[in-house]
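Heads up: the structure comes next, in structure tokens.
The values are calculated or read from the model by the stated rules, or taken from the named source; none is laboratory data. This one's a predicted model, so the numbers in the text were calculated from it and none came from an experiment. Using ideal geometry, Cβ is built from the backbone for each residue, glycine included, and neighbour counts are taken over all protein chains shown.
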Amino acid sequence: MSRTGLSPGRSGNVSCRWREGMLITPTGIAYEELQPSDIAYVFGNGTYVPEGRKPSSEWRFHLSAYHTRPEIGAVVHTHSMHATVLACAHRPIPAFHYMIAVAGGTDIPLIAYAPFGTQELAQLVRVGLADRNALLMANHGQIAVGKDLAAALELAREVEVLAEQYYKVLTLGKPKLLGAKAMTDVLERFKGYGQNAQSRSQTSK
């Protein structure tokens, strides 16, 4: 995430579901300096061992995501350039391109601003992720979730690519958006795309 520029410096954080809680990157430590022992564990009730590393200040919205979506296994939060630019302009990403469907719906929504590390932000994330796998956080950055760390990271990269494309389309004028019918068709097609089709076929046997 750091090497590809998705989270410059010490920005952003990553977690994965583990046991009844989650493992999450610690606060204030550069990614290249992290050791396995630096990863913090947060229990499902929001407590953590005080003798260990202090978890990221954003642990509340990570935990909120796991409580809201029991099927997800990882959360990636980044301050990637174009996603953050759009978030600071309070612009969600509409259906300017069919690949918007990778986030699970007809747009990549924008949630309202709340101070980092607060329960208020955690609640906004909870609502925003109820029916989407990615979202923009006003004046902050982006969040992507997935079945595991690799899937969440891949989606975060895709969100940044879409954000850059949308930003550039905006420089040409008003975007030509796909309608609801077209996006419904795309979402249905995605259910049978790639390995999804194989999985469904094996399930039916």
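Filtering segment 58-79 to residues that are touching a strand residue (DSSP E or B) at 6+ places or on another chain (Cβ under 8 Å) and among the polar types (S, T, N, Q) leaves only Thr78. Among the residues making up segment 90-108, those that are hydrophobic (A, V, I, L, M, F, W, C) and more than 13 Å from Gly141 (Cβ to Cβ) are Ile93, Ala95, Phe96, Met99, Ile100, Ala101, Val102, Ala103.
A quick yes/no check of all residues on (1) under 30 Å from Leu172 (Cβ atoms); (2) acidic (Asp, Glu); (3) free of Cβ contacts under 8 Å to residues at least 12 places away in the same chain:
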position: Gly9; (1), (2), (3): no, no, no
position: Ile39; (1), (2), (3): no, no, no
position: Gly44; (1), (2), (3): no, no, no
position: Glu51; (1), (2), (3): no, yes, yes
position: Ser57; (1), (2), (3): no, no, no
position: Val75; (1), (2), (3): no, no, no
position: Ala89; (1), (2), (3): yes, no, yes
position: Met99; (1), (2), (3): yes, no, no
position: Val102; (1), (2), (3): yes, no, no
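The condition of being modelled with pLDDT of 95 or more and within 18 Å of Phe96 (Cα to Cα) does not hold for Gly141. Among the residues making up segment 31-76, a single one is modelled with pLDDT under 95, in a helix (DSSP H, G or I) and small (Gly, Ala, Ser): Ser37. When you scan segment 39-82, how many residues do you find that are under 19 Å from Gly117 (Cβ atoms) and charged (D, E, K, R)? Residues flagged as under 19 Å from Gly117 (Cβ atoms) and charged (D, E, K, R) within segment 39-82 amount to 4.
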